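One structure below.
Nothing in this text is a laboratory measurement; each read-out follows from the coordinates by a stated rule. Just so you know, these numbers come straight off a predicted model, no measurement behind them. Methodologically, a virtual Cβ is constructed for each residue, glycine included, from the backbone with ideal geometry; neighbour enumeration extends over all protein chains shown.
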Amino acid sequence: MLNTAIINDIKLCYYDNLNLNHPPIIFIHGLGENLHSWKHQIQFFNLNYRVVAMDLRGHGATTDGNKKISIEQFVEDLIAFLDYLNISQAHFVGLSLGGMICQQLTHLHQSRILSLVLANTSAFPTDMGNFPLSVRLEFVKNTPIDVLANFITKNCLPKNNYSPNLYAEILTMFSDNRSIPYLAATAVAFSFDFRDKIDNIKVRTLIIVCEYDVVTPVWAAQFLQQHITNSTLVVISNAGHLTKLEQPQQFNQTVNNFLNLD
């Protein structure tokens, strides 16, 4: 069931199954996505967890607000949202930008994390040599959203290795973005650098990456695993950057096995 809440300066759209007798698991989506991108995970974990997913500031049905989009602001929104739901601790699953938000969460509020899943994400920009931030932002700023969505979708999926239905679904999701907040969030995602803090992550962490991910490649996930003491790395085959949608069964089972070790 979708709900809205006034959190800081935004009207935040979220899903909460209100399974209050079970441990909460918070799903945080990536750049240009929305909470519906977690549909397979919401269904899979619905019985045994209090499942919560949200549209980030400037994404989906959540409003843009009047505060500047930043990694710190995303975390501030998240903490205020958890307080609104009376959730003191939770398992967190973040993909791409969501994984960056989770990393920053460990720096500011690590005590609120029961465990952490970092999926298809990185601790620092991974392709700046080939596509510098200034060039990327000019491209985003000057490209119509439908053309931009097509470019992003093709970049996220493995070349010639996806179904037309999946392509259409992801294209529709990215086409629904609003240009101004998407540009601001792009600047946040592609300038994120957590290398000086990553060794301080002490919570049990699962790192997921995909064989064909060109956005946050396998070597970026290996860096995370090398620097997070209590971490495990799993490489999922036959997928690109959007594991949860491309290989939902593998993704769900991998996360479930990790959570069941608690």
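Below are the figures for this structure:
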| quantity | calculated |
| --- | --- |
| Exposure proxy ranking, count of Cβ atoms within 10 Å, fewest first, for Phe258, Phe151 | Phe151, Phe258 |
| Coarse-grained scattering of the chain at q = 0.08, 0.09, 0.13 Å⁻¹, given as base-10 log I(q)/I(0) from a Debye sum over alpha-carbon atoms | -0.27, -0.35, -0.78 |
| Positive-end residue of Thr186, His227, Asn257, charge dipole of the range 2-259 with Cβ unit charges | Asn257 |
| Order of Met100, Met1 under a 10 Å beta carbon neighbour criterion, fewest first | Met1, Met100 |
| Cα-only Debye scattering, the range 100-175: base-10 log of I(q)/I(0) at q = 0.18, 0.24 Å⁻¹ | -0.96, -1.10 |
| DSSP beta bridge pairing in the chain, given as percent antiparallel to the nearest 5 | 25 |
| Additional length obtainable on full extension of the chain from Val218 to Asn66, 0.36 nm per residue less Cα span | 51.1 nm |
| Length released on extending from His227 to Asn8, taking residue separation times 0.36 nm less the Cα-Cα span | 75.5 nm |
| Size of electric dipole in the chain: Cβ of Lys, Arg +1 and of Asp, Glu -1, about Cα centre, debye, nearest 20 | 100 |
| P(r) weight above 17 Å for the range 82-130, C-alpha pairs, percent | 39 |
| The chain - mean residue ellipticity at 222 nm from DSSP helices (-39,500 (n - 2.57) per run, n ≥ 4, rounded to 500) | -12000 deg cm²/dmol |
| Filter on Lys154/Lys244; Lys68/Lys141; Lys39/Lys68; Lys39/Lys159; Lys39/Lys141 - keep pairs with C-alpha separation over 20 Å | Lys39/Lys68; Lys39/Lys159; Lys39/Lys141 |
| Packing-based exposure ordering (other Cβ within 10 Å, fewest first) of Val52, Val93 | Val52, Val93 |
| Percent RCO, i.e. relative contact order, over the chain, from Cα pairs under 8 Å lying at least 6 residues apart | 19 |
| Fluctuation leader among Val234, Val135, Val209 - the chain, Gaussian network, Cα springs under 10 angstrom | Val135 |
| Centre separation in Å (Cα based) which lies between the range 196-238 and the range 152-191 | 22 |
